[in-house]
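See structure below.
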């Protein structure tokens, strides 16, 4: 599933390519992942793309209506979640159409913005400007913007496994399986550790590790594990830097121990058992035996 670095890479490509362009036509295929396909088809033509940004794992396209009557509010946001296999790519109309392409957004310069999604686990919706703060409020903090104090406050009191908390989009937005595993490895933390049991030093190391991993992944344009490509259709390069993710049975780059896989919060979690020792089990006291006689 595309995570923060992949979505950020797509956003940067679309921002450079689409800003200032207008949508002149919309053609949809299957629409079961679109909240209101009729509104999409009726309201987008004529809208100008004022900008492209990221909200967690959502691509956020800011649109301004050419005529005030098009929208209840003149400014509206097209939000696209890529799900597991979604792709947003700009193409010329005469280029071959990839299978499972369900959205065609014609632009005023003759190009098309195409949405392709094999499994259709993505989501597309329109959010008016007045409701965007409410939508943003349901998401967690941005990992690259959150202060260390707020990061600690969101994690330090929680009696939950650290891997599960990092995956929780209401705690931090944008992290997924890949970058959670890679960050925990750098921080030398087992994915099943309880967050409230971490020391302040461990939380500091984790905070720095998350930021370092995400920054490096964005610089290398994300990880192409299966379907992910950027807005030009090119693959990312960070998968060549993975230290634990999907490396079960391979030697740890630090100590040579074999990488293992367990399930945490229903997700495969890859870790080094030597570099990331498991949490100690609490010893239970046996009741003292009374003397006979």
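The values are calculated or read from the model by the stated rules, or taken from the named source; none is laboratory data. Source: prediction; values computed, not measured. Heads up, the Cβs are rebuilt from the backbone with ideal geometry, glycines too, and the neighbour counts pull from every protein chain shown.
Restricted to the stretch 73-169, the set of helices (runs of 4 or more DSSP H) holding at least 3 residues that are modelled with pLDDT of 95 or more and closer than 30 Å to residue 197 by Cβ comprises 148-155, 162-167.
Say we look at the stretch 263-278 and pick out the residues that are under 26 Å from the mean Cα position of the chain (by Cα) and more than 15 Å from residue 182 (Cβ to Cβ); which of these is surrounded by the most Cβ atoms within 10 Å (Cβ to Cβ)? By that ranking, first place goes to 265. Within the stretch 155-174, the set of residues being over 19 Å from the mean Cα position of the chain (by Cα) and within 9 Å of residue 265 (Cβ to Cβ) comprises 160, 161.
Evaluation of residue 68 against the conditions (1) modelled with pLDDT of 95 or more; (2) surrounded by fewer than 22 Cβ atoms within 10 Å (Cβ to Cβ) shows that the sole unmet condition is (1). Only one entry in 158, 123, 74, 119 is assigned by TED's automatic domain parsing to the domain that holds residue 52 and touching a helix residue (DSSP H, G or I) at 6+ places or on another chain (Cβ under 7 Å), namely 74. Just to be sure, is residue 95 over 18 Å from residue 231 (Cβ atoms) and surrounded by fewer than 17 Cβ atoms within 10 Å (Cβ to Cβ)? No; evaluated as a whole, the condition is false for this residue. Which residues, taken from the stretch 175-221, are more than 18 Å from residue 270 (Cβ to Cβ) and in contact with a strand residue (DSSP E or B) (Cβ under 7 Å, 6 or more places away or on another chain)? Scanning the stretch 175-221 gives a single hit, 194.
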